[in-house]
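A.B. asks: The following block contains the structure, expressed as structure tokens.
The values are calculated or read from the model by the stated rules, or taken from the named source; none is laboratory data. Given the structure is predicted, the values throughout are model-derived calculations rather than measurements. Cβ sites come from the backbone with ideal geometry, for glycine too, and all protein chains shown count toward neighbours.
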């Protein structure tokens, strides 16, 4: 089972507030479905909220770069420079365009860059699997409600062709489906965006689970104060 330490809960709570302020566009999901899983041990509960906050933070760090005082900075290196999924998708687009038109030396250079991009994509997908694995393990018991909620989130956000939908409805292992579906950095960026949007919608729509998370955080603070 995924366990979110008490200190991590506090840090992730601050992160969640920042993300909500940045996004400002969370969606209320179907209350009838939410009632089936909100605050339930087999659904969305306090510790899982902590896991969701961490997943959203880590996925966004891959997608957009990690937060610094100077702005976001990519966490992966390509051609000696830090990059995020978003910036790599732009390079990928440039390389693909070159491959369609270039000849001789220019084409050979583009092919070499393409090979390097594909190798980095494989590595980053493996890292992504490690990030989302804890959530999948706990959410698998509520897979049908989760699929309905993902469908609702994507529909309300006008994302009817989202790869996240294929990922959620597949009968295969989720990571096998992800590996088959995400074959480019452009796909990867779209998937990360839709996943983070859905996770934000999910937590926003689960007040009981959020309350459990806050209670766990307060219990930790009381213990810390008593030990001083």
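A.B. asks: Those residues that are at pLDDT 90 or above and in contact with a helix residue (DSSP H, G or I) (Cβ under 7 Å, 6 or more places away or on another chain), I need them from region 99-110; list them, please.
C.D. replies: Correct list: 99, 110.
A.B. asks: For region 66-90, enumerate the residues that are buried (at least 17 other Cβ atoms within 10 Å of the Cβ), outside any strand (DSSP E or B) and in contact (Cβ under 8 Å) with a residue 24 or more places away in the chain.
C.D. replies: 85, 86, 88, 89
A.B. asks: Among the numbered conditions (1) without any contact (Cβ under 8 Å) to a residue 40 or more places away in the chain; (2) over 17 Å from the mean Cα position of the chain (by Cα); (3) in a helix (DSSP H, G or I), tell me where residue 158 comes up short.
C.D. replies: (3)
A.B. asks: Same structure, new question: Go over the candidates 175, 146 one by one and state the one that is buried (at least 16 other Cβ atoms within 10 Å of the Cβ) and under 30 Å from residue 78 (Cα atoms).
C.D. replies: Numbers: 146 fails: under 30 Å from residue 78 (Cα atoms).
175 is the lone residue from the list that is buried (at least 16 other Cβ atoms within 10 Å of the Cβ) and under 30 Å from residue 78 (Cα atoms).
A.B. asks: For region 35-54, name all the residues that are part of a helix (DSSP H, G or I) and buried (at least 22 other Cβ atoms within 10 Å of the Cβ).
C.D. replies: Selection gives 37, 48, 49, 50, 51, 52, 53.
A.B. asks: Could you list, in sequence order, the residues of region 201-220 that are touching a residue at least 24 places away in the same chain (Cβ under 8 Å) and surrounded by fewer than 22 Cβ atoms within 10 Å (Cβ to Cβ)?
C.D. replies: Within region 201-220, 204, 207, 208, 210, 211, 212, 214, 215, 216, 217, 219, 220 meet the criteria.
A.B. asks: OK, next. So, residue 63, is that one within 30 Å of residue 39 (Cβ to Cβ), at pLDDT 95 or above and either under 19 Å from the mean Cα position of the chain (by Cα) or part of a helix (DSSP H, G or I) (or both) or not?
C.D. replies: Yes: the conditions hold for residue 63.
A.B. asks: Mind checking whether some residue in region 131-141 is modelled with pLDDT of 95 or more and assigned to a helix (DSSP H, G or I)?
C.D. replies: So the first thing to find is which residues in region 131-141 are modelled with pLDDT of 95 or more, and the list is none.
No, there is no match, as no residue in region 131-141 is modelled with pLDDT of 95 or more and assigned to a helix (DSSP H, G or I).
A.B. asks: Let me ask something else about it. Quickly run through region 210-228 and pick out the residues that are farther than 14 Å from residue 47 by Cβ and assigned to a helix (DSSP H, G or I). First the steps, then the outcome.
C.D. replies: Our first condition is that a residue be farther than 14 Å from residue 47 by Cβ; within region 210-228, this holds for 218, 221-228.
Listed by number, the residues that qualify are 218, 221, 222, 223, 224, 225, 226.
A.B. asks: Against the condition in contact with a strand residue (DSSP E or B) (Cβ under 7 Å, 6 or more places away or on another chain), modelled with pLDDT of 90 or more and surrounded by 20 or more Cβ atoms within 10 Å (Cβ to Cβ), how does residue 192 come out, does it pass? Break it down stepwise before answering.
C.D. replies: Details: in contact with a strand residue (DSSP E or B) (Cβ under 7 Å, 6 or more places away or on another chain): no; modelled with pLDDT of 90 or more: yes; surrounded by 20 or more Cβ atoms within 10 Å (Cβ to Cβ): yes.
In short, no.
A.B. asks: Give me the pairs: first residue in region 101-115 and within 20 Å of residue 90 (Cβ to Cβ), second residue in a helix (DSSP H, G or I) and at pLDDT 95 or above, beta-carbon distance under 6 Å, and six or more apart or on different chains, which are they?
C.D. replies: Close Cβ pairs satisfying both conditions: 110/95; 113/95; 114/95.
A.B. asks: Surrounded by 13 or more Cβ atoms within 10 Å (Cβ to Cβ), at pLDDT below 85 and assigned to a loop (DSSP other than H, G, I, E, B) - does that describe any residue in region 13-34?
C.D. replies: Going residue by residue through region 13-34, those that are surrounded by 13 or more Cβ atoms within 10 Å (Cβ to Cβ) are 13, 15-16, 19-20, 23, 26-27, 29-30, 33-34.
Imposing the further condition that a residue be at pLDDT below 85 reduces the set to 13, 15-16, 19-20, 23.
Then keep just the ones that are assigned to a loop (DSSP other than H, G, I, E, B); that gives none.
Within region 13-34 (the criterion being surrounded by 13 or more Cβ atoms within 10 Å (Cβ to Cβ), at pLDDT below 85 and assigned to a loop (DSSP other than H, G, I, E, B)), the answer is no, since none of the residues qualifies.
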